[in-house]
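To start, the structure under review is shown below, and the notes come after it.
The values are calculated or read from the model by the stated rules, or taken from the named source; none is laboratory data. This one's a predicted model, so the numbers in the text were calculated from it and none came from an experiment. Cβ: placed from backbone, ideal geometry, glycine included. Neighbour counts: every protein chain shown. Calculation scope for accessible area: heavy atoms of the full protein, side chains included, ligands and nucleic acids excluded. Shrake-Rupley method; radii C 1.70, N 1.55, O 1.52, S 1.80 Å.
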Amino acid sequence: MHSDCLFCKIAGNEMGTEFIHETAELVVFKDIKPLAPVHLLIVPKRHIRGINDLVDDDRAIISELILTARDMAKKMGVERSGYRIFFNVEKGGGQEVFHLHLHLIGGWE
Ligand code: AMP
Ligand code: ZN
């Protein structure tokens, strides 16, 4: 737990954020500034700065993030209409919160 990290605080239940889904390893919550009718963030509880910081032992958590995105798309009813999942990497890639998170956006007409 990094005490100055927003997503560590959210994942540690310190911000009162409502979780759409939670497992031992990750949490899912709504993005505060949604880019689409459905915009979820899928976030490992363990602090990892971003994609560049992944190591071989992180294979399991990365798989879980992606399989959870698949499940959340279904739960939110966008699995057939379509959606995007993406990681922003470092400032030039649009990353603003330096705790790994997978975006899921969809729900357009
Ligand atoms: P990124 O730009 O990839 O680092 O994404 C960070 C995302 O976190 C942005 O889409 C923000 O809108 C979102 N965000 C920032 N603070 C919060 C918060 N307190 N609760 C939910 N989402 C947040
Ligand atoms: Zn963190």
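Confirm whether V97 is within 13 Å of ligand 1 (Cβ to nearest atom) and open to solvent by 20 Å² or more (accessible area, probe 1.4 Å). Here the answer is yes, as V97 does meet what is asked. If you go through the stretch 20-52 and keep only what is open to solvent by less than 70 Å² (accessible area, probe 1.4 Å), within 16 Å of ligand 2 (Cβ to nearest atom) and outside any strand (DSSP E or B), you end up with K45, H47, I48, G50, I51. One residue stands out in the stretch 1-15 among those that are within 10 Å of ligand 1 (Cβ to nearest atom) and without any contact (Cβ under 8 Å) to a residue 60 or more places away in the chain: the one that is surrounded by the fewest Cβ atoms within 10 Å (Cβ to Cβ), namely M15. So, of the residues in the stretch 77-91 that are open to solvent by 60 Å² or more (accessible area, probe 1.4 Å) and under 16 Å from the mean Cα position of the chain (by Cα), which turns out to be nearest to E25 (Cα to Cα)? Among those residues, the one meeting the criterion is I85. Out of L67, L100, L54, one residue alone is among the hydrophobic types (A, V, I, L, M, F, W, C) and more than 19 Å from F29 (Cα to Cα). It is L54.
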